[in-house]
Amino acid sequence: MEAAKRFSQLSLAPTPFGKRTREHFSTDKDWHPLNHGSFGTFPKPVKDALCYYQDLCEKQPDSFFRYHLPELVLRARTAVAKVVNAPRETVVFVSNATTGINTVLRNLTWTPRDHVIMFSTIYGACGNTVLSIAEQHPLQVTRIQVNYPQSDQVLLDAFEAAVAEIKAKGDNPKLAIFDTIVSLPGVRVPFEALTAACHRLGVLSCIDGAHGIGMIPLDLSALDPDFFVTNAHKWLMVPRGCCVMYVPVRNQHLIRTTLPTSHGYQPLDADEAQTPAALRVGEGQSQFENNFDFVGTKDACPYLCIPEALAFREQACGGEAAVMRYCSDLADKGGAKVAEILGTEVMENAEGTLNKGLALVNVRLPLDPAQVDVSLKGGHHAVGVWIIEEQMKRFKTYAPCLWHADKWWIRLSAQVYLDESDFEYIGGVMKTLCEEVRAGRHIQASH
């Protein structure tokens, strides 16, 4: 249909990274956007595409949802499958990575001897999902403690030891959840080696790649995980919420339903004729694909904008490799600059793998825990809460502040619309706020 071609024919001039590229985005001029990693953002041409598809829907909602939407979703799935090097029939869309993880965990069957293995750095909502399911189903949770900066080998050894311990009890290490890149702190996980270990040890691998597509190269055919989710609305510059969910054909029989269960669901003994005509499996499309094509009445237009986001990144930014290279270099240089201003260091292990190729960087704050008043409710974490509130109220910026391994850190995001001056700014802000914490202002402000 013509709608599918409307914005795939964007024509944008190459734009120098930094301040010039920022003109493509809608961010307030006085806001210092150093937290792209949490919610992402998308450029104006992609916003135009989003509005176009939403308008198209409103003109004829019935024909759009019943007939045009599946075609447009297929176009977007075809585009994103190439980015992650996966067969199109293995990738579908959900709203976000947490929904994808929930979809996997709530489809699997569990026995009292089954274990879910997760690391202490698991994203909070995903960790809560595991605990919630453990309350409802007979399974056990094995949690591996991680303290960064630590070597990848320490993490891998801890994982294999946990699997061995579970098997030694006669239990089943059924599934492991791990990240491509941890959310907080923002460090790279040896997910390739963990996936290989899962294959070798007979454990299902469920990878939370919320920070993945658009930041680091992904080759899912080579990686071959059992389940993989990655948010396109973070680093690929797609509107929220849009997450790519990958399930290889060998495992698609395990994903019986979407969340919520919708019209594409087929009971095991169902007759295809029971499914509404507009929602039956199309020619060349599997039941798994059809199941995710329509999941209740919602705005699926963010999914449709993937081709336009890719066109922007290609035309204005020079392509995926150029975007990733600039953001990684800026994170390295910007993190080093902030650490210099604060007189501290960037979080990194001896092997230099935690920040490799990332657009995220973590810098230690110059606060001695023994000399900081942590009497507020929430203790050490409350100090971080005060810092980020002051960032927003007084300095028009936001950088997540976390307490990890007995130290305070901030996580900073690099992006094509930033340059080193933005990192110099946040360095100065954090220097001021840390001086105020040492003086006890965070305590005074609470009274």
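The values are calculated or read from the model by the stated rules, or taken from the named source; none is laboratory data. The structure displayed is predicted, hence computed values, not measured ones. No Cβ is skipped: glycine too gets one built from the backbone with ideal geometry, and neighbour counts run over all protein chains shown.
Inclusion of R66 among residues that are surrounded by 13 or more Cβ atoms within 10 Å (Cβ to Cβ), in contact with a helix residue (DSSP H, G or I) (Cβ under 6 Å, 6 or more places away or on another chain) and modelled with pLDDT of 95 or more is not warranted.
Pairing residues of the range 261-289 that are more than 24 Å from V104 (Cα to Cα) with residues that are at pLDDT 60 or above, at Cβ distances under 6 Å and at least 6 apart in sequence or on separate chains, gives A278/R66. In the range 249-363, counting only helices (runs of 4 or more DSSP H) that sit wholly within it, the ones holding 2 or more residues that are under 30 Å from P61 (Cα atoms) and at pLDDT below 95 span 287-293.
H115 falls short on exactly one of the conditions (1) over 17 Å from S183 (Cα atoms); (2) in a loop (DSSP other than H, G, I, E, B), and that condition is (2).
Quick one: would you say M245 is on the phi > 0 side of the Ramachandran plot and surrounded by 21 or more Cβ atoms within 10 Å (Cβ to Cβ)? Answer is no for this residue. Count, please, the residues in the range 358-396 that happen to be surrounded by fewer than 17 Cβ atoms within 10 Å (Cβ to Cβ) and either under 26 Å from the mean Cα position of the chain (by Cα) or acidic (D, E) (or both). Going through the range 358-396 one residue at a time, the tally reaches 7. Reported count of residues in the range 387-424, each being aromatic (F, W, Y) and either without any contact (Cβ under 8 Å) to a residue 24 or more places away in the chain or in contact with a His (Cβ under 8 Å, 6 or more places away or on another chain) (or both), is 4. Selection of the range 406-436 for residues being assigned to a loop (DSSP other than H, G, I, E, B) and more than 15 Å from D368 (Cβ to Cβ) yields A414, Q415, V416, Y417, L418, D419.
The selection criterion, being modelled with pLDDT of 95 or more, outside the structural domain of D219 (by TED's automatic domain parsing) and either surrounded by 17 or more Cβ atoms within 10 Å (Cβ to Cβ) or of a type in the set (V, I, T) (or both), does not hold for A79.
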